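Can you keep this structure in mind? I'll have questions shortly.
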Amino acid sequence: MSTVSRQRRKQLRDDDANWKFGIFYFCPQDPSFLIPKRVGIGWSLNFGSPWSLLFVIVVIAVLVWGVFF
């Protein structure tokens, strides 16, 4: 389980400094891969997580593979 408490994660997600351009969540201190969107319904990636970087690379690789092969 995570060492960051639920209350601390909520504080990190509410902090404007962790939101780049108001839509991209980047917080390496928050161990969550997916977080609830700040506005609207749905989920967003925590771009500070190494898992989100891996996810983005895989999606781009699949798209490139589909277009060129």
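Tell me which of these Ser44 doesn't satisfy, since it passes every other one: (1) in a loop (DSSP other than H, G, I, E, B); (2) touching a Pro at 6+ places or on another chain (Cβ under 8 Å).
(1)
Does Leu45 qualify as being exposed (fewer than 15 other Cβ atoms within 10 Å of the Cβ), among the hydrophobic types (A, V, I, L, M, F, W, C) and within 14 Å of the chain's Cα centre (by Cα)? Lay out the reasoning, then the answer.
Values: exposed (fewer than 15 other Cβ atoms within 10 Å of the Cβ): no; among the hydrophobic types (A, V, I, L, M, F, W, C): yes; within 14 Å of the chain's Cα centre (by Cα): yes.
Considered against the rule, which asks whether it is exposed (fewer than 15 other Cβ atoms within 10 Å of the Cβ), among the hydrophobic types (A, V, I, L, M, F, W, C) and within 14 Å of the chain's Cα centre (by Cα), Leu45 comes out as no.
Among the residues of region 50-60, is any touching a residue at least 12 places away in the same chain (Cβ under 8 Å), surrounded by 13 or more Cβ atoms within 10 Å (Cβ to Cβ) and in contact with a Ser or Thr (Cβ under 7 Å, 6 or more places away or on another chain)?
No, region 50-60 contains no residue that is touching a residue at least 12 places away in the same chain (Cβ under 8 Å), surrounded by 13 or more Cβ atoms within 10 Å (Cβ to Cβ) and in contact with a Ser or Thr (Cβ under 7 Å, 6 or more places away or on another chain).
Also, I was wondering about something else. Could you tell me how many of the residues in region 1-30 are assigned to a loop (DSSP other than H, G, I, E, B) and either surrounded by 14 or more Cβ atoms within 10 Å (Cβ to Cβ) or charged (D, E, K, R) (or both)?
Residues of region 1-30 that are assigned to a loop (DSSP other than H, G, I, E, B), as a first pass: 1-5, 15, 21-23, 26-30.
Now narrow it down to the ones that are either surrounded by 14 or more Cβ atoms within 10 Å (Cβ to Cβ) or charged (D, E, K, R) (or both): 4, 15, 26-27, 30.
So the answer is 5.
No lab work stands behind these numbers, since they all come straight from the coordinates. Everything quoted here is computed from the prediction, not taken from an experiment. Every residue, glycine among them, receives a Cβ derived from its backbone with ideal geometry; neighbour counts consider all protein chains shown.
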